[in-house]
Structures are given as structure tokens and as C-alpha cells.
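One structure is given here, and the rest of the page talks about it.
Derivation of every value follows stated rules applied to the coordinates shown; laboratory data play no part. These numbers come from a predicted model, not from an experiment.
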Amino acid sequence: MENKLILTFVTLIALTVSVLIVASLGSFNQQPTGIGVNYVVAASEVQAQTPAFDTSNFHDPLKIDNKYYSLKPGTIMTYKGADEEGKSMLDIITVTNDTKQIQGIPTRVVNDTVFVEGKLEETTNDWYAQDDKGNVWYMGEDTTDFTNKKNPHEGSWESGVKGAKGGLIMLAEPKVGITYDQEVAKDVAEDKATVLSLDDNVTIPYGSYSNVIKTKEFSALEPDVVEQKYYAENVGDIKEKTLKGSKEGIELVEIK
């Protein structure tokens, strides 16, 4: 009788242990699903940093005063460096008084003119606007490449034309890890950027800066090219360098 009781007791213990093991395995198997959900939410939040364009979010689009990318008419920024082949390059960016109406809002026209070894190579009119939250939008560009005889305007695009959409050139509140679209024009311009850090120290010919934002820029159209850009508070873009796929890189040398 005693042996039967012991056997019954042992059996009950074994069954209890089995039930506990199965229950814990079930909980374990559900955990990746929870992780997956968290991951999807995070990815969704990242994608949400490129909001849909809405004219109702632009009450004063020409007031571009983002502290990392302000555009005051009359400002001239001069950069020096090398082009993709390593030749000396001079890049002059001028914030004009001109505006262009795009998708129902006025945008600021900024001219970007490039000289390579003293010869005019390219000039571009870029169009920018700032939304009510402080995001600076890149609404397109009209490019003329004097070295491209067959298609000198290659790379030009305008938001709202042929399916193109405006992107962000600078976030209102940059955060490490956020990836956002800069240009959305299929097979023409598809640049994206990721915020890498917010506290870099950078020294360039124009000065030394702390708490500099560093971004990585890349495009599906040029998968072998990766670039980094640096933005200083109250100055803007101070340095650009290509990490692979090109020798191009420039640094700010003067502001007027």
C-alpha cells in the first residue's frame, strides 16, 4: 500500500512538472512575437519622421530658422574641397530673395554653384520650405550640369510633378537613429539620411564646433556611395565627406 502511495505521489509530481514546462515553453514561444511587435513599432516611428506633405502645416514656409539649417536671404556660404575624382572644388551657396510656388506654398530659392579646378561645372536652384513644427523641407531642384552634353538637367525634380515628393533636409528635433527621406523622385533622386550622433566635435577652416549633428546619407540609385554630413548649431552645413565610392568632400571656409 505504501509503495502505491509513493508511486502515485511521484506520478503527480511528474505531471505537475510537465505542465509547468509546457506552460513556460508556451510563454517563451510568445516572447519573440512581443519583440517583433516592439520592433515593428520602432520601425514605424522611424518611418513616421518623413510625414506626408500637407499645405495646412505651412503657415510661414519662407521663415526658415531651424537652428541647424537656417536660410536667411542674402547669405553666401563658401566651401572648398575635392570633387568625386579628387580635383579641387569650390562650392558657393547663395540664399536668394527669389521664391517658387510648389504644391500651393512658396519655397525659398537657394543657388548652389560648383567650380572644379576654376571652371564652372554645375549650377542648381534648390527649393526649400519650413513647416510649422520646424522641419526644413527639400521640395526639388533645377540642375544644369555643364559637363553632361546629352542631358544637362539630369537629376532635376519637383515635388508634386511626375510622382515626386518633397523630403526633409533637416528635422525639427533630430534624434539618433532616425532615418528619413530627403528626395523622393523614383529613378531620379532617392536620397535618404540617418542621424548618427548629436555631439560630435568638428574643426574646419571656418572654426571649431561642438554638439555637431552627424548624418549618413545614401541612395538606392548609388548603393556603393556613402556620405557623411555635419551640421553645427546656428551655422548649418559645415562639412561633407564621402566615405566610399568617391573622393568628394568639402568644408566651410567663409560666410557672408
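Quick notes on this one:
- Proximal lysines relative to residue 186, as straight alpha-carbon distance under 19 Å, when same-chain residues fewer than 8 apart are discounted: 162, 165
- The slack in the chain from residue 162 to residue 120, taken as 0.36 nm per residue of separation less the alpha-carbon distance, amounts to 12.1 nm.
- Euclidean distance between Cα centres, the stretch 83-140 to the stretch 166-204, Å: 16
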